[in-house]
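Every read-out reported here was derived from the displayed coordinates using simple, explicitly stated rules and does not represent laboratory data. These figures come from a predicted structure and were not determined experimentally. Here the Cβ is made from the backbone with ideal geometry for all residues, glycine too, and neighbour counts use every protein chain on show.
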């Protein structure tokens, strides 16, 4: 019987340790978008962020035989990206306010990286749930939370009433919350989702 698309973690780990490039592609697909978001939050430069993520996956592949679990891979990628971002920020002669903020936070503690990892995890989950929403609801939710548009801007752009936009927003949040609950998402990530939509 052919393997299903979602292989077991053990299957992918064995393939990865054995140098199977399909396994590398699997983990790249699994983590690259989240890492790009996470990295860009620190360096405020999407092209640089993408380069850092690519370089960290290369480092990961060079050590493929050393990893025992998928969590080891994930941790390695986040730590490698964080360190590469700090090296990049330290090399800049002139930094933006956002870049200075990350340098300061990392010099004083690890709270910022924990927050960003949690937020990245939440965005990953939410993005998957958004794609399952009905079309109109999906469009409105993306405009609100991905594009950062206001309720009135969306209403005008889509030719809808403000109340309709609010109703669709409320329904979308309820659908996503229920879906996260049914999938057994941890209470920490559920709380982070609520903080994300309340920003």
Order of 82, 166 - criterion: other Cβ atoms within 10 Å of each residue's Cβ, fewest first: 166, 82
Go ahead and run the numbers for FRET between residue 95 and residue 50, Cβ-Cβ distance against an R0 of 25 Å, rounding to 0.05. 0.80
Take 43, 126 and order them by how many other Cβ atoms sit within 10 Å, fewest up front. 126, 43
Length gained if residue 183 through residue 17 is fully extended, taking 0.36 nm per residue and subtracting the Cα-Cα distance, is 56.8 nm
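Arranged by the count of other C-beta atoms within 10 angstrom, fewest first, what order do 64, 31 take?
Values: 64 18, 31 23.
Placing the least packed residue first, the sequence is 64, 31.
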